[in-house]
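The values are calculated or read from the model by the stated rules, or taken from the named source; none is laboratory data. Keep in mind that this is a model prediction, so the values were computed, not measured. Here the Cβ positions follow ideal geometry from the backbone for every residue, glycine too, while neighbour counts run over all protein chains shown.
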Amino acid sequence: MEVWCLLVGEKAYTPLPVLIKKSCRIHDLQLLLKGELFVGRLDVRANTLSVYVARDDNGEWLRSSEPDKKALRSGDATAISKWLRKRLDPLMFLGDVFQSFEEGIIHDLVVPPEIIETEERSRGNLIRNEARDLKVSSSGLYH
């Protein structure tokens, strides 16, 4: 089967078709994507690629003509929070996840490890900043 993948946070990449058997697992897809997108990058391992189903909360597939496709490619936080809902388990079979195919849809979203680390760092910085602000504002209560 042909699975269309979109690399999140990477403007230089367009949706990529991957030919793979339905009997393969998500981990096999991760291995193919690692070989296709991150050739020679020793810092990226296949198991660090997060793969998400490209469906919204209403079950609608991400269409290649949709503005969110461009937003996802540029790493837009609103688009990321809308589409990155269901992370696929590497042990799942592709045939169980992708049962029917239409033209013009993107099947999965691939998130490289840098995006996840950046998001976690920014979330951690936000929490630290909020804690610092809380400490500063509460210190004024005791004077």
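Scanning region 34-45 for residues that are in a helix (DSSP H, G or I) and either closer than 12 Å to Trp83 by Cβ or touching a residue at least 24 places away in the same chain (Cβ under 8 Å) (or both) yields a single hit, Leu37. Taken over region 46-77, residues that are in contact (Cβ under 8 Å) with a residue 40 or more places away in the chain, surrounded by fewer than 16 Cβ atoms within 10 Å (Cβ to Cβ) and outside any helix (DSSP H, G or I) amount to 3. Collect the residues in region 78-96 that are touching a residue at least 40 places away in the same chain (Cβ under 8 Å) and under 16 Å from the mean Cα position of the chain (by Cα), keeping them in residue-number order. Of everything in region 78-96, those that are touching a residue at least 40 places away in the same chain (Cβ under 8 Å) and under 16 Å from the mean Cα position of the chain (by Cα) turn out to be Ile80, Leu84, Leu88, Asp89, Pro90. Residues of region 1-33 that are free of Cβ contacts under 8 Å to residues at least 60 places away in the same chain, assigned to a strand (DSSP E or B) and surrounded by fewer than 14 Cβ atoms within 10 Å (Cβ to Cβ): Pro17, Leu19. Looking only at residues of region 34-74 that are under 14 Å from Leu88 (Cα atoms) and of a type outside the set (Ser, Thr, Tyr), we find that the one that is modelled with the lowest pLDDT is Asn47. Taken over region 92-117, the criterion of being out of contact with any Ser or Thr (no Cβ under 8 Å at 6 or more places or on another chain), modelled with pLDDT under 75 and surrounded by 13 or more Cβ atoms within 10 Å (Cβ to Cβ) is satisfied by Glu114, Ile115.
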